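Participant: Before I ask anything, here is the structure I am working with.
The values are calculated or read from the model by the stated rules, or taken from the named source; none is laboratory data. Not measured: the values here are computed from a predicted model. Please note: Cβ atoms are built from the backbone with ideal geometry, for glycine as well, and neighbour counts cover all protein chains shown. All accessible areas refer to the heavy atoms of the entire protein, side chains included, with ligands and DNA or RNA removed. Shrake-Rupley method; radii C 1.70, N 1.55, O 1.52, S 1.80 Å.
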Amino acid sequence: MLKVNNLSIRAAGMNLIENINFKIQEGESLGIIGESGSGKTVTTLSLMGLLDPKIYRLSGEIKIFGKEILEMSEKKIAEMRLSKISIVYQNPFNTFSPVEKIDNQINRIYRIKKLKRNNDKINYLLNMAGLGNTHLKKYPHELSGGELQRLVIVTSLLLDPKILICDEPTTSLDKETEIKIVEILNKYRKKNGLSLIFITHDLNIIEEVSDKLMIMKNGKIVEMGKTSQLIKNPLEGYSKELLRFLNWEIKC
(Lines give C-alpha, C1' and ligand atoms only; values in the text may rest on other atoms or scores of the structure.)
Protein backbone atom coordinates (compact mmCIF):
# COMPACT_ATOMS: atom_id res chain seq x y z
CA MET A 1 0.00 0.00 0.00
CA LEU A 2 2.75 2.46 1.00
CA LYS A 3 6.39 1.83 0.18
CA VAL A 4 9.30 4.20 0.83
CA ASN A 5 12.64 3.36 -0.78
CA ASN A 6 15.90 5.23 -0.14
CA LEU A 7 14.08 8.48 0.61
CA SER A 8 16.39 11.44 1.17
CA ILE A 9 15.35 15.05 1.78
CA ARG A 10 17.64 18.09 1.65
CA ALA A 11 16.96 21.74 2.43
CA ALA A 12 19.27 24.74 2.83
CA GLY A 13 22.26 22.54 2.06
CA MET A 14 21.49 20.12 4.90
CA ASN A 15 20.42 16.48 4.88
CA LEU A 16 17.13 16.25 6.76
CA ILE A 17 16.39 12.64 5.81
CA GLU A 18 18.99 10.12 4.63
CA ASN A 19 18.08 6.98 2.71
CA ILE A 20 15.20 5.69 4.82
CA ASN A 21 13.15 2.64 3.89
CA PHE A 22 9.85 1.36 5.25
CA LYS A 23 6.50 0.04 4.10
CA ILE A 24 2.97 -0.30 5.44
CA GLN A 25 0.39 -2.89 4.44
CA GLU A 26 -3.38 -2.52 4.48
CA GLY A 27 -4.72 -2.23 8.03
CA GLU A 28 -1.24 -1.99 9.52
CA SER A 29 -0.14 0.67 11.98
CA LEU A 30 3.34 2.17 12.20
CA GLY A 31 4.41 4.18 15.24
CA ILE A 32 7.28 6.67 14.89
CA ILE A 33 9.26 8.09 17.81
CA GLY A 34 12.41 10.17 18.05
CA GLU A 35 13.60 13.40 19.60
CA SER A 36 12.72 16.80 18.10
CA GLY A 37 14.51 17.32 14.80
CA SER A 38 14.85 13.61 14.10
CA GLY A 39 12.87 13.90 10.86
CA LYS A 40 9.52 12.44 11.88
CA THR A 41 7.30 15.26 10.66
CA VAL A 42 9.23 16.09 7.49
CA THR A 43 9.02 12.42 6.51
CA THR A 44 5.24 12.31 6.88
CA LEU A 45 4.80 15.64 5.08
CA SER A 46 6.71 14.19 2.13
CA LEU A 47 4.20 11.33 1.97
CA MET A 48 1.44 13.92 1.55
CA GLY A 49 3.34 15.89 -1.08
CA LEU A 50 3.31 18.91 1.22
CA LEU A 51 6.98 19.92 1.03
CA ASP A 52 7.61 22.99 -1.12
CA PRO A 53 9.82 21.86 -4.06
CA LYS A 54 11.42 25.32 -4.09
CA ILE A 55 12.83 24.63 -0.65
CA TYR A 56 13.10 20.86 -0.33
CA ARG A 57 14.90 18.45 -2.66
CA LEU A 58 13.61 14.88 -2.50
CA SER A 59 15.13 11.75 -3.99
CA GLY A 60 14.28 8.07 -3.79
CA GLU A 61 10.78 6.61 -4.05
CA ILE A 62 7.45 7.13 -2.31
CA LYS A 63 4.87 4.76 -3.74
CA ILE A 64 1.21 4.74 -2.72
CA PHE A 65 -0.83 1.99 -4.36
CA GLY A 66 2.07 1.57 -6.79
CA LYS A 67 2.01 5.20 -7.90
CA GLU A 68 5.18 7.26 -7.50
CA ILE A 69 4.41 10.44 -5.53
CA LEU A 70 7.66 12.17 -6.46
CA GLU A 71 6.75 12.02 -10.14
CA MET A 72 3.17 13.28 -9.73
CA SER A 73 1.94 16.75 -10.55
CA GLU A 74 0.60 18.88 -7.69
CA LYS A 75 -2.89 18.42 -9.13
CA LYS A 76 -2.63 14.63 -9.01
CA ILE A 77 -1.22 14.67 -5.48
CA ALA A 78 -4.02 17.00 -4.34
CA GLU A 79 -6.55 14.54 -5.73
CA MET A 80 -5.07 11.82 -3.50
CA ARG A 81 -5.32 13.86 -0.32
CA LEU A 82 -8.31 12.98 1.84
CA SER A 83 -9.44 10.31 -0.65
CA LYS A 84 -6.32 8.11 -0.43
CA ILE A 85 -4.17 9.60 2.31
CA SER A 86 -5.07 12.08 5.04
CA ILE A 87 -3.39 13.73 8.02
CA VAL A 88 -4.23 14.89 11.56
CA TYR A 89 -1.95 17.55 13.01
CA GLN A 90 -1.01 18.25 16.62
CA ASN A 91 -2.93 21.52 17.03
CA PRO A 92 -6.61 21.22 16.02
CA PHE A 93 -7.08 25.01 16.23
CA ASN A 94 -4.81 25.36 13.18
CA THR A 95 -6.85 22.92 11.12
CA PHE A 96 -10.18 24.74 10.94
CA SER A 97 -10.85 28.31 9.85
CA PRO A 98 -11.83 30.34 12.95
CA VAL A 99 -14.45 32.39 11.11
CA GLU A 100 -16.69 29.58 9.83
CA LYS A 101 -18.82 26.97 11.51
CA ILE A 102 -17.55 23.41 11.26
CA ASP A 103 -20.44 22.32 9.05
CA ASN A 104 -19.60 24.92 6.40
CA GLN A 105 -16.01 23.72 6.35
CA ILE A 106 -17.13 20.13 5.88
CA ASN A 107 -19.33 21.25 2.99
CA ARG A 108 -16.30 22.89 1.38
CA ILE A 109 -14.43 19.58 1.42
CA TYR A 110 -17.21 17.96 -0.56
CA ARG A 111 -17.35 20.89 -2.99
CA ILE A 112 -13.60 20.83 -3.60
CA LYS A 113 -13.71 17.10 -4.25
CA LYS A 114 -16.88 17.53 -6.37
CA LEU A 115 -18.75 14.98 -4.32
CA LYS A 116 -22.24 14.86 -2.85
CA ARG A 117 -22.36 15.30 0.92
CA ASN A 118 -22.66 11.93 2.65
CA ASN A 119 -24.71 12.52 5.79
CA ASP A 120 -24.77 8.84 6.70
CA LYS A 121 -20.97 8.78 6.74
CA ILE A 122 -20.81 12.02 8.73
CA ASN A 123 -23.27 10.75 11.34
CA TYR A 124 -21.43 7.43 11.61
CA LEU A 125 -18.11 9.20 12.25
CA LEU A 126 -19.65 11.66 14.70
CA ASN A 127 -21.23 8.82 16.66
CA MET A 128 -17.95 6.90 16.69
CA ALA A 129 -16.20 10.00 18.02
CA GLY A 130 -18.82 10.57 20.72
CA LEU A 131 -20.05 13.76 19.07
CA GLY A 132 -23.32 14.97 17.55
CA ASN A 133 -24.62 17.27 14.84
CA THR A 134 -24.78 20.13 17.34
CA HIS A 135 -20.97 20.22 17.29
CA LEU A 136 -21.07 20.96 13.56
CA LYS A 137 -23.17 24.08 14.14
CA LYS A 138 -20.47 25.74 16.21
CA TYR A 139 -17.39 27.83 15.49
CA PRO A 140 -14.03 26.29 16.43
CA HIS A 141 -13.57 28.64 19.40
CA GLU A 142 -16.83 27.37 20.89
CA LEU A 143 -15.41 23.85 21.22
CA SER A 144 -12.87 22.34 23.58
CA GLY A 145 -9.51 21.15 22.28
CA GLY A 146 -10.61 17.54 22.69
CA GLU A 147 -13.88 18.07 20.82
CA LEU A 148 -12.09 19.91 18.04
CA GLN A 149 -9.41 17.23 17.65
CA ARG A 150 -12.08 14.56 17.39
CA LEU A 151 -13.75 16.66 14.69
CA VAL A 152 -10.41 16.86 12.87
CA ILE A 153 -10.35 13.06 12.85
CA VAL A 154 -13.94 12.99 11.61
CA THR A 155 -13.12 15.31 8.69
CA SER A 156 -9.92 13.40 7.88
CA LEU A 157 -11.96 10.20 7.46
CA LEU A 158 -14.87 11.67 5.49
CA LEU A 159 -13.67 10.35 2.13
CA ASP A 160 -12.52 6.93 3.39
CA PRO A 161 -8.75 7.37 3.02
CA LYS A 162 -6.73 4.18 3.10
CA ILE A 163 -3.81 5.80 4.96
CA LEU A 164 -4.07 8.20 7.91
CA ILE A 165 -1.09 10.09 9.32
CA CYS A 166 -1.38 11.34 12.91
CA ASP A 167 1.35 13.80 13.91
CA GLU A 168 1.24 13.93 17.73
CA PRO A 169 -2.55 14.41 17.77
CA THR A 170 -2.92 13.92 21.53
CA THR A 171 0.02 15.97 22.85
CA SER A 172 -2.01 18.91 24.19
CA LEU A 173 -5.03 16.90 25.35
CA ASP A 174 -6.05 15.48 28.71
CA LYS A 175 -5.64 11.76 29.40
CA GLU A 176 -9.37 10.95 29.05
CA THR A 177 -9.58 12.57 25.60
CA GLU A 178 -6.29 10.95 24.61
CA ILE A 179 -7.70 7.50 25.41
CA LYS A 180 -10.89 8.31 23.49
CA ILE A 181 -8.96 9.29 20.36
CA VAL A 182 -6.89 6.10 20.47
CA GLU A 183 -10.11 4.09 20.83
CA ILE A 184 -11.63 5.89 17.82
CA LEU A 185 -8.63 5.21 15.62
CA ASN A 186 -8.30 1.56 16.64
CA LYS A 187 -12.01 0.91 16.13
CA TYR A 188 -12.04 2.53 12.70
CA ARG A 189 -8.81 0.85 11.63
CA LYS A 190 -10.02 -2.64 12.51
CA LYS A 191 -13.40 -2.16 10.86
CA ASN A 192 -12.24 -0.41 7.69
CA GLY A 193 -8.71 -1.69 7.07
CA LEU A 194 -7.19 1.75 7.60
CA SER A 195 -3.39 1.95 7.58
CA LEU A 196 -2.06 4.28 10.25
CA ILE A 197 1.15 6.23 10.79
CA PHE A 198 1.26 7.60 14.34
CA ILE A 199 3.89 10.02 15.68
CA THR A 200 4.02 10.49 19.44
CA HIS A 201 6.32 10.63 22.46
CA ASP A 202 3.89 8.66 24.60
CA LEU A 203 4.87 4.99 24.87
CA ASN A 204 1.49 4.06 26.32
CA ILE A 205 -0.17 5.28 23.13
CA ILE A 206 2.45 3.64 20.90
CA GLU A 207 1.75 0.27 22.51
CA GLU A 208 -2.01 0.72 22.09
CA VAL A 209 -2.08 1.99 18.54
CA SER A 210 0.88 0.57 16.57
CA ASP A 211 1.87 -2.85 15.22
CA LYS A 212 5.36 -1.75 14.17
CA LEU A 213 7.64 0.85 15.72
CA MET A 214 10.25 3.01 13.95
CA ILE A 215 12.84 4.95 15.93
CA MET A 216 14.47 7.93 14.20
CA LYS A 217 17.50 10.09 14.93
CA ASN A 218 19.08 12.82 12.79
CA GLY A 219 17.07 11.90 9.72
CA LYS A 220 17.87 8.20 9.86
CA ILE A 221 16.04 5.09 11.03
CA VAL A 222 17.93 3.76 14.03
CA GLU A 223 15.78 0.69 14.59
CA MET A 224 12.47 -0.76 13.44
CA GLY A 225 10.48 -3.82 14.44
CA LYS A 226 7.37 -5.19 16.08
CA THR A 227 6.26 -2.68 18.72
CA SER A 228 5.86 -5.10 21.62
CA GLN A 229 9.29 -6.63 21.02
CA LEU A 230 11.16 -3.41 20.33
CA ILE A 231 9.88 -1.64 23.43
CA LYS A 232 10.87 -4.57 25.64
CA ASN A 233 14.16 -5.41 23.93
CA PRO A 234 15.71 -2.60 21.87
CA LEU A 235 19.04 -3.52 20.30
CA GLU A 236 20.59 -0.14 19.54
CA GLY A 237 22.13 2.10 22.18
CA TYR A 238 20.13 5.15 21.14
CA SER A 239 16.88 3.16 21.20
CA LYS A 240 17.62 2.00 24.72
CA GLU A 241 18.34 5.54 25.94
CA LEU A 242 15.28 7.05 24.23
CA LEU A 243 12.91 4.37 25.52
CA ARG A 244 14.39 4.66 29.01
CA PHE A 245 13.78 8.43 28.95
CA LEU A 246 10.20 8.08 27.66
CA ASN A 247 9.48 5.45 30.32
CA TRP A 248 10.83 7.87 32.94
CA GLU A 249 8.47 10.58 31.62
CA ILE A 250 5.50 8.23 32.04
CA LYS A 251 6.44 7.45 35.64
CA CYS A 252 6.83 11.15 36.42
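Participant: Can you find a residue that is surrounded by 21 or more Cβ atoms within 10 Å (Cβ to Cβ), in contact with an Asp or Glu (Cβ under 7 Å, 6 or more places away or on another chain), assigned to a loop (DSSP other than H, G, I, E, B) and in contact (Cβ under 8 Å) with a residue 60 or more places away in the chain anywhere in segment 161-178?
Facilitator: No, segment 161-178 contains no residue that is surrounded by 21 or more Cβ atoms within 10 Å (Cβ to Cβ), in contact with an Asp or Glu (Cβ under 7 Å, 6 or more places away or on another chain), assigned to a loop (DSSP other than H, G, I, E, B) and in contact (Cβ under 8 Å) with a residue 60 or more places away in the chain.
Participant: I would also like to ask the following. I need every pair where a residue in segment 181-204 that is without any contact (Cβ under 8 Å) to a residue 24 or more places away in the chain has its Cβ under 8 Å from the Cβ of a residue that is not hydrophobic (A, V, I, L, M, F, W, C), sequence separation at least 6 or different chains.
Facilitator: Going by the 8 Å Cβ cut-off, the qualifying pairs are ASN186/GLU208.
Participant: On to the next question. Taking HIS141 as meeting all but one of (1) crowded, with 19+ Cβ neighbours inside 10 Å; (2) under 23 Å from ILE106 (Cα atoms); (3) touching a Pro at 6+ places or on another chain (Cβ under 9 Å), write down the number of the exception.
Facilitator: Among (1) crowded, with 19+ Cβ neighbours inside 10 Å; (2) under 23 Å from ILE106 (Cα atoms); (3) touching a Pro at 6+ places or on another chain (Cβ under 9 Å), the lone unmet condition for HIS141 is (1).
Participant: Quick one: count up the residues across segment 62-104 that are surrounded by 18 or more Cβ atoms within 10 Å (Cβ to Cβ) and part of a helix (DSSP H, G or I).
Facilitator: Residues in segment 62-104 being surrounded by 18 or more Cβ atoms within 10 Å (Cβ to Cβ) and part of a helix (DSSP H, G or I): 5 in total.
Participant: Still on this structure, please answer the following. Hey, does segment 188-211 have a residue that's open to solvent by 10 Å² or more (accessible area, probe 1.4 Å) and over 19 Å from the mean Cα position of the chain (by Cα)?
Facilitator: No: segment 188-211 contains no residue that is open to solvent by 10 Å² or more (accessible area, probe 1.4 Å) and over 19 Å from the mean Cα position of the chain (by Cα).
Participant: Oh, and also: Are there any pairs, at least 6 apart or on different chains, whose C-beta atoms fall under 6 Å, with the first in segment 65-88 and closer than 26 Å to PRO169 by Cα and the second modelled with pLDDT of 90 or more and open to solvent by 40 Å² or more (accessible area, probe 1.4 Å), and if so, which?
Facilitator: Partner pairs satisfying both residue conditions: LYS84/LYS162.
Participant: Please enumerate the residues belonging to segment 126-160 that are closer than 30 Å to VAL4 by Cα and either part of a helix (DSSP H, G or I) or charged (D, E, K, R) (or both).
Facilitator: GLN149, ARG150, LEU151, VAL152, ILE153, VAL154, THR155, SER156, ASP160
Participant: Out of the residues in segment 106-121 that are among the aliphatic types (A, V, I, L, M) and open to solvent by less than 40 Å² (accessible area, probe 1.4 Å), state the one that is modelled with the lowest pLDDT.
Facilitator: ILE109
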